[in-house]
Amino acid sequence: MKAGNIISFDGKRSGDQGVTLRSGYNGTINACRQLLVKDLPKQMDGLFERLDDVLYAQADKAGSDQNQTAYFESMRMLRLERVAIQSAYNKGILGRFDRFWTHGPGAVPQQASGASLSCDELDLVESDDLEEGLAITGMVSKGNNSFYRDLYALDQRFSYLLNGMEIGEDGNPLAPATFCTAFKQSISMLEVPLAVKLVIYKQFEKEVIAKLGPLYDQVNATLAKAGILPGIKPTMRRNSPYRSDDSSSRSSAADDRAAYVAGDNPELQAEVFATLQQLLLQRRPMPQTPPGSVQYVDSGSLLSALSVLQQQSDSAKTPAGQVLDAGAMRTVLLSMPQIGQDGSGKVAIGRSDEDTIDVISMLFEFILDDPGLSDPMRALLARLQIPMLKVAILDKSFFGRKDHPARRLLNAMAQAAIGWTEESGRSGDGLYAHIESAVSRILAKFDDDLALFDELYEQFSAFLEREQRGAHVAEERAAQVTQGKEALVEAKRHVADEIGRCLANYSSVPDVVQNLVRDGWNDVMLLIYLRKGKESEEWGEAVNLMERLVWSVMPKPSHRERQELLRSIPELLKGLRAGLSDISYNQHKMTRAFKGLQARHLACLRGGRALDEVTDTQSEGAGQSGEAAGGMEEIVLETVDAQSAPVDIEPDAFDKQAEELAVGSWLELTEEDGSVIRAKLSWRSSISGSCLFVNRKGMKVAEVSQRGLGAWLRSGKVVLLPEVDVPLMDRALNSMVVTLNQSLAKKPGGGKEK
């Protein structure tokens, strides 16, 4: 609870989670809250000021009067609801912050997952909700990625204040997820088209999520000044993806990005080129020519020669995508007139440029060997060898900056290409055509302006975003259908088990009841299980009614039992009729079943002496019961067999690999006809372990059990592809360092030249 703008810490301990605040820091926590109180109005003011202009621009570009009217109407609604939206937004965030200190990281309940539904009901999921959810997820992901260092420091300091309680994912009250969730709830009152809502979310991402850095800096500084883990290193924030047009801002941003990378991994990032230079120097033989007699080529002449080679390769457009090794590249360059040999002495390439040629050649040799790329994609990306060599000579930070424009573009194209195969096609507006277009523009236009790579990256990212949005929708629907099918199978199994348990309690159940339970009440229970779940009150009532039905047709020797039956029959028949009507049970079948029940009930009310007078009850009941028991036995045997089968064969390394394969992993599947499919593990059942695979368009391509996946791996039918989350350049540079170290380890003397 809070009084005014101050959090009340009376009763520091919560009964639910046992939250205990470290004493002496109440004032510090309130100081952090005041920073939040000051920052929230600035966030919303900046958003609404810019949002009006953005929506007006969208209306101006609208293709129809209807769309234009929708944008203008949305602008009017936003102006009217601005105060309410800001109030709800502030209340949501401050409430989350306050509850964190009184109830702990898990104070905000997560959105409950929907109850299990049937396949038909799952198809009704609105794609608009899915689109909105994807927009929120994207914002949270970008925010976490941009400010992960700041959030890590806040997690540690908040955990310290809670006496070591683990914060957990999205448990931080200042995490991007908090701001995104609060904003989503604050604009839920707006009845605007999805297209407008997505524009609003995009602007919120730019104006609020991308600008959380200063708030994080102030809160971390306040906590550190109060003596809360001051030893945590100062944060180096990733630069926001929304760059200013001001050139000085771009320069400052570049410095910030370089600083961030330097702190990320000193050996393989900021100092990666120096590391590779050291390894190459140890491997390279000592020069035989005295240094004084060598004329070194300046970088300008080298770049001119490379530009000529680039134009030649663009004209030839060699489909094979062959790369030149370092020796061949040096030979070709030194033979070109742009180098300017004048016969005054031996010409050589300087050490730094020579090292760059070596590293780029090794990089593209790695690309040609990368199993994550299909042959056509390898050939396409290999054509970038000379442009990337020019980039590396112009800017040595290419090897150390993860966000270098050229490196970023190369990584994005390689990552997108992992799911592409020849069957996807090369023409039209597809992935191959976009990558080919980007490569062709680089070969034709790139001289020394690195801004071209930024432009191409933005265009390629926009294409991927459009494509991935559709793929996400298709993938979600494929997963929902598969989950629905599995939920249906699980529900049928559970209902069958419940019916079998009920009937097994009696030695002989008349056929009229067996038929009614298996043919009608089975579906009633199935529908309740799917809609409400087995923990629901409705499920318990359905099971109880089935048990009372079976009990009602059993002999009643005592007067008390007959009286109890007489009292219960009206309610029993009413419940049966209501349940069967809900599933639209056949009226003729229902009438026959109720007549049969009436005869059984009359027999029971006579004390059991007239049971034999019911036509063929015993004989038919025994026969039907035996038949039904046989059917039930079949179900039980199937279930047991399915569960025990994996025990028959001891799981091996392939089964373990299948079990541990992470969702999102890509693999290459070879069909019986020799065709190759690339598929991503989209979903794994927590019940059966069944695995759903989709292509890069999000369409289902395979569904296999966990055992089946292990068999695929064992037979070589599938091959795992490199991790998508590890960029191509990172994998290449790591591989190069390992390769160079291994080659040096094999040399006599531990790698030193003799």
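Just so you know, all these numbers are worked out from the coordinates, no wet-lab data involved. As the structure is a prediction and not an experimental result, all values here were calculated from the model. FYI the Cβ positions are ideal-geometry reconstructions off the backbone, even for glycines, and counts take in every protein chain you see.
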Self-check item: Value of relative contact order over region 290-449, rounded to a whole percent, pairs C-alpha under 8 Å and six or more apart
Solution: 29
Practice problem: Starting with the highest mean, order 556-563, 521-528 by the number of other Cβ atoms within 10 Å, averaged over the residues of each peptide. | Solution: 521-528, 556-563
Exercise. Using R₀ = 30 Å, calculate the FRET efficiency as 1/(1 + (r/R₀)^6) where r is the Cβ-Cβ separation of S437 and M77; round to 0.05.
Key: 0.15
Exercise. Starting from the Cα of D65, step 7 Å along the direction of its Cβ; do the same at E422; then give the gap between the two resulting points in nm.
Key: 5.4
Quiz item: Which of the GluC sites (Glu not before Pro) found in region 151-226 are loop residues per DSSP with 14 or fewer other Cβ atoms within 10 Å of their Cβ?
Solution: E166, E169, E191
Practice problem: Enter the Cα centre distance for the pair region 68-88 and region 360-430, rounded to the nearest angstrom. | Solution: 45
Self-check item: Environment charge at F204 (Cβ cut-off 11 Å; Lys +1, Arg +1, Asp -1, Glu -1)
Solution: +4
Exercise. Calculate, in nm to one decimal, what K532 and D447 gain on full extension: separation in residues at 0.36 nm each, minus their alpha carbon distance.
Key: 24.1 nm
Quiz item: Between L573 and T137, 0.36 nm times their residue separation minus their Cα-Cα distance comes to what?
Solution: 151.9 nm
Exercise. Determine, from the Cβ-Cβ distance of E455 and I687 and an R0 of 51 Å, the FRET efficiency 1/(1 + (r/R0)^6), rounded to the nearest 0.05.
Key: 0.60
Self-check item: Unsatisfied cross-links (Cα-Cα over 25 Å) in the set K142/K225; K346/K390; K202/K532; K142/K184; K61/K700
Solution: K142/K225; K202/K532; K61/K700
Quiz item: Using the beta-carbon distance between K717 and A328 and R0 = 41 Å, what value does 1/(1 + (r/R0)^6) give for FRET efficiency, to the nearest 0.05?
Solution: 0.60
Quiz prompt | Paramagnetic label zone (point 7 Å from Cα along Cα-to-C-beta, Q295; backbone N under 16 Å) in region 347-361 | solution = 347-350
Exercise. Find how much the distance from D52 to K91 grows on full extension, using 0.36 nm per residue of separation minus their present alpha carbon separation; answer in nm with one decimal.
Key: 11.7 nm
